[in-house]
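Participant: Got a structure for you, questions after.
Just so it is clear, none of the values below were taken in a lab; they were calculated from the coordinates. These figures come from a predicted structure and were not determined experimentally. Cβ: placed from backbone, ideal geometry, glycine included. Neighbour counts: every protein chain shown.
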């Protein structure tokens, strides 16, 4: 079932990319556009929806821990290793797709001279960078203990039987910056889905494929290397980042705005450009 779902998602992505790739446009989008409105997008991702996504991520995590639902979900996966192993494909696909997807969009767009594909690829890169920045900092600050479901990569199976879902090591870097709250895989997957759905907002099939992929990654993470609350938080944060970046690049695509805050590079200098 998992393999069939993966194949379906990949086929849908390839099909939709090819369909849009046939719409040729004599336009090449420079790589420098990856910095389009990046200053605004970094800040607005946190204030998107009036900041409710970040607040909801924290509040939802607290509720899931205090009600015991986080621990119960953890025990379900821990005591049923078949579920945990079902999450492995999502774990490894979640490492590969964030690189493959934007490169595929951009290079295919360059080949087809299709501006929309190129802009989507660059938007995916920016959403990846912003998402990674946010969740790396938050993982370092919260220092949440690993769910201890499986032995894989830097995760170890934990034989404790008492509820340790509320074990946080607040500070900075006390438990590193890789594992913890929120789920990085889920954050990036949801951000990517939101970017694609925003730019291709009239394509219901592509949107369905994008969000199905994000759900596949999130569920897989909750089965093996993350607490369910970390997946919940990652989905909300990723959605905020993706919608912000997607809207910004959609305006660029529709020529409704110029870069307001962007980075620039020359052979002899670098800096921030403000257009007021």
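Participant: What ranking do 36-48, 72-84, 151-163 get when scored by the average of other Cβ atoms within 10 Å per residue, highest first? Could the numbers behind the result be given before it?
Facilitator: Values: 36-48: 18.9, 72-84: 16.2, 151-163: 11.5.
With the highest mean Cβ count within 10 Å placed first, the list reads 36-48, 72-84, 151-163.
Participant: Rounded, prolate or oblate: which fits the stretch 33-274 when a ≥ b ≥ c are the square roots of the eigenvalues of the alpha-carbon gyration tensor, with rounded for a/c under 1.5 and prolate only if a/b beats b/c? The partial results should precede the final answer.
Facilitator: Values: a/c = 2.13, a/b = 1.73, b/c = 1.24.
Prolate.
Participant: What is the fewest-to-most order of 170, 71 by other Cβ atoms lying within 10 Å of their Cβ? Show your work: numbers first, answer last.
Facilitator: Values: 170 9, 71 20.
Least to most surrounded, the residues fall as 170, 71.
Participant: Say each of residue 159 and residue 253 gets a label point 7 Å from the Cα, pointing the same way as Cα to Cβ; how far apart are those two points in nm?
Facilitator: In this crude label model, residue 159 to residue 253 measures out at 5.4 nm.
Participant: Calculate, in nm to one decimal, what residue 167 and residue 62 gain on full extension: separation in residues at 0.36 nm each, minus their alpha carbon distance. Intermediate results must be reported in sequence, preceding the final value.
Facilitator: Values: separation 105, 0.36 × 105 = 37.80 nm, distance 1.17 nm.
Taking 0.36 nm per residue and subtracting the Cα distance, the gain is 36.6 nm.
Participant: May I pose another question? Separation between the residue 28 and residue 43 pseudo-spin-labels, each 7 Å from Cα along Cα→Cβ, expressed in nm?
Facilitator: 3.4
Participant: Right, something else. Can you give the FRET efficiency for residue 151 and residue 177, using 1/(1 + (r/R0)^6), R0 = 22 Å, r = Cβ-Cβ distance, to the nearest 0.05? Write out the running numbers ahead of the final one.
Facilitator: Details: r = 21 Å, r/R0 = 0.94.
E between residue 151 and residue 177, to the nearest 0.05, is 0.60.
Participant: What is the stretch 40-80 by shape, rounded, prolate or oblate, if you read a ≥ b ≥ c off the alpha carbon gyration tensor as root eigenvalues and call it rounded for a/c under 1.5, prolate for a/b larger than b/c, and oblate otherwise?
Facilitator: Working: a/c = 6.18, a/b = 2.66, b/c = 2.33.
Prolate, because a/c is 1.5 or more and a/b exceeds b/c.
Participant: Would you mind classifying the stretch 48-133 by shape? Square roots of the alpha carbon gyration tensor eigenvalues, ordered a ≥ b ≥ c; an a/c under 1.5 is rounded, otherwise it is prolate if a/b is larger than b/c and oblate if not. It would help to have the intermediate numbers written out before the result.
Facilitator: Working: a/c = 4.61, a/b = 1.67, b/c = 2.76.
It comes out oblate by the Cα gyration axes.
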